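Peer 1: First the structure, then my questions, so here it is.
Derivation of every value follows stated rules applied to the coordinates shown; laboratory data play no part. Values in this document were obtained by computation on a predicted structure and should not be read as measured data. Quick reminder, even Gly has a Cβ in these numbers, built from the backbone with ideal geometry, and neighbours come from all protein chains shown.
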Amino acid sequence: MDRYVVIGNPVAHSRSPEIHARFARQTGEAIAYERLLVEPGDFARAAREFFASGGRGANVTLPFKVDAFAFAKERTARAGQAGAVNTLAMRVGAILGDNTDGAGLVRDLTANLGLTLAGTRILLLGAGGAARGVVGPLLALSPAMLVIANRTRERARELARAFGAAGRVEGVGFEAMGEGFDLVVNATSASTRGEPLALPAGLFARGATAYDMAYGAAALPFLEGARAAGARASDGLGMLVEQAAESFLLWRGKRPETAAVIAALRAA
Ligand code: ATR
């Protein structure tokens, strides 16, 4: 059987094995998919060993997405734009690095939540690795404006500068994030650290959507605040399943149906 892994630290909590097992059953693909815990600093050795022993592909999660970028001999354009790799695939002669996070977010927003984002005002909270991976795909939706707001203003400015040629994007500090957004995406790690974000009044336009790229309990503080302010709120479980579906497509050449898998994970 073709072998796949998710590499991370920690990785015991990862739902990727369950998601890919469901994709495999649904598409009739015979694959084995397991978790691989790797120590910080040991990514390249562990990945080399996995592929040398016949492994076909890997998902890469925190904190190794930049290590995976360096490890990949060839990279897709969207991985290059993100500066990070979440999917490795054995290709003839070389290991390909891809990044399916942004595509996963966009697919959840548009196909699952039914949002039309062309001409809208989007706010992205955070300027770390998670935020960087989704800036290009969000700009590709042609919003009227994408504002990146970060606690450390300079990081937001740098990120906006890096994508200035890709659309209308501006980087600001939290104090200047503005108001009246149709979509607010939380890509900070504040809630996973138990440090709730204080959102200014007026942040959300009428009918706005709040989206947290984290899922489950970690997303609750942000989403509860957003609901109290009148926004529709979604956690990132759909993004998780959609980025996995993009990886599965890269590995197996088949795109799995995601709706039933998202529903099953929610129910579990
Ligand atoms: P990741 O890869 O998850 O994005 P990261 O690169 O460490 O991790 O980035 C974490 C992001 O969450 C940053 O935007 C960080 O803001 P700073 O650049 O100012 O550090 C943001 N963040 C973390 N804790 C936060 C908090 N309590 N309030 C606001 N932003 C926070």
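Peer 1: Kindly express, to the nearest 10 degrees and within the range 0 to 90, the angle between helix 129-139's C-alpha long axis and the longest C-alpha principal axis of the chain.
Peer 2: Between helix and principal axis, roughly 70 degrees.
Peer 1: Ordered by residue, what ³J(HN,Hα) values in Hz, to whole numbers, does the range 172-181 give under the Karplus form 6.51 cos²θ - 1.76 cosθ + 1.60, where θ = phi - 60° and Gly and Pro are x?
Peer 2: Values per residue, Gly and Pro as x: 9, x, 4, 5, 10, 6, x, 8, x, 8 Hz.
Peer 1: In whole Å, how far is the Cα centre of the range 103-181 from that of the range 233-268?
Peer 2: Taking the Cα centre of the range 233-268 as reference, the centre of the range 103-181 is 22 Å away.
Peer 1: State the percent of C-alpha pairs, over all pairs in the range 102-235, separated by a distance greater than 24 angstrom.
Peer 2: 18 percent
Peer 1: Where does helix 43-52 land angle-wise versus the long Cα axis of the chain, in degrees 0 to 90, nearest 10?
Peer 2: Roughly 40 degrees, rounded to the nearest 10.
Peer 1: What's the longest bit of the chain with no exposed GluC sites (Glu not before Pro), using DSSP loop states and at most 14 other Cβ atoms within 10 Å as the test?
Peer 2: Excluding the exposed sites themselves, the longest stretch runs over 1-178.
Peer 1: Give the Cα extents of the chain along the principal axes, in whole Å, largest first.
Peer 2: Projected onto the principal axes, the Cα atoms of the chain cover 54, 38, 33 Å.
Peer 1: Let me know the shape class of the range 1-149, please: from the alpha-carbon gyration tensor, a ≥ b ≥ c as square roots of the eigenvalues, rounded when a/c is under 1.5, otherwise prolate if a/b is greater than b/c, or oblate.
Peer 2: Verdict is prolate for the range 1-149.
Peer 1: How far is helix 237-252 tilted, in degrees, relative to the longest principal axis of the Cα atoms in the chain, given as a value from 0 to 90 rounded to the nearest 10?
Peer 2: Taking Cα atoms only, the helix is inclined about 40 degrees.
Peer 1: Using modelled amide H (1.01 Å from N, peptide plane; none on Pro or chain starts), what sits under 5 Å from the amide H of ILE95, excluding residues fewer than 5 places away?
Peer 2: LYS73, GLU74
Peer 1: Counting only DSSP beta bridges with both residues in the chain, tell me the antiparallel percent, nearest 5.
Peer 2: For the chain, the DSSP antiparallel bridge percentage is about 20.
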